[in-house]
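Written below as structure tokens is the structure these notes are about.
The values are calculated or read from the model by the stated rules, or taken from the named source; none is laboratory data. Just so you know, these numbers come straight off a predicted model, no measurement behind them. Heads up, the Cβs are rebuilt from the backbone with ideal geometry, glycines too, and the neighbour counts pull from every protein chain shown. When the accessible area is computed, the model is the full protein with side chains, heavy atoms only, and any ligands, DNA or RNA have been set aside. Shrake-Rupley method; radii C 1.70, N 1.55, O 1.52, S 1.80 Å.
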Amino acid sequence: MIKFSEIETLIRAAIPDAKVEVSDMTGTGDHFEIHVVSQKFKDKSLMDQHKMVFATLQNEMDDRIHAVKLKTKVG
């Protein structure tokens, strides 16, 4: 099981200005809804924004994160 704070730390390591909100969608500790707001998303497509975030979580998605519902926004 991964903690919300670990997910936030991983994302902020790659996107330092990110405002990150994490919630558990199912109560099982492996399905998350993640909202990320960052100026680094400016002029990037939604797909590229999502790729930036998923790249930070890739290692954890191999075994500790089963599913992610991701929302990104320029902020």
Problem - Number of positions in the range 1-42 that are closer than 18 Å to Asp62 by Cβ and in contact with a Gly (Cβ under 8 Å, 6 or more places away or on another chain) - result: 2
Exercise for the section: Might you check whether a residue that is under 16 Å from Lys73 (Cβ atoms), of a type in the set (Ser, Thr, Tyr) and either more than 12 Å from the chain's Cα centre (by Cα) or open to solvent by 80 Å² or more (accessible area, probe 1.4 Å) (or both) occurs anywhere in the range 41-56? Expected result: yes
Problem - Residue list for the range 16-35, restricted to those being charged (D, E, K, R) and over 12 Å from the mean Cα position of the chain (by Cα) - result: Asp17, Asp24, Asp30
Handout entry: Top-ranked residue in the range 65-75 [being in a loop (DSSP other than H, G, I, E, B) and open to solvent by less than 70 Å² (accessible area, probe 1.4 Å); ranked as nearest to Glu6 (Cα to Cα)]
Key = Ile65
Practice task
Taking only the range 4-40 into account, find how many residues are open to solvent by 70 Å² or more (accessible area, probe 1.4 Å), closer than 21 Å to Val74 by Cβ and not in a helix (DSSP H, G or I).
Solution key: 3
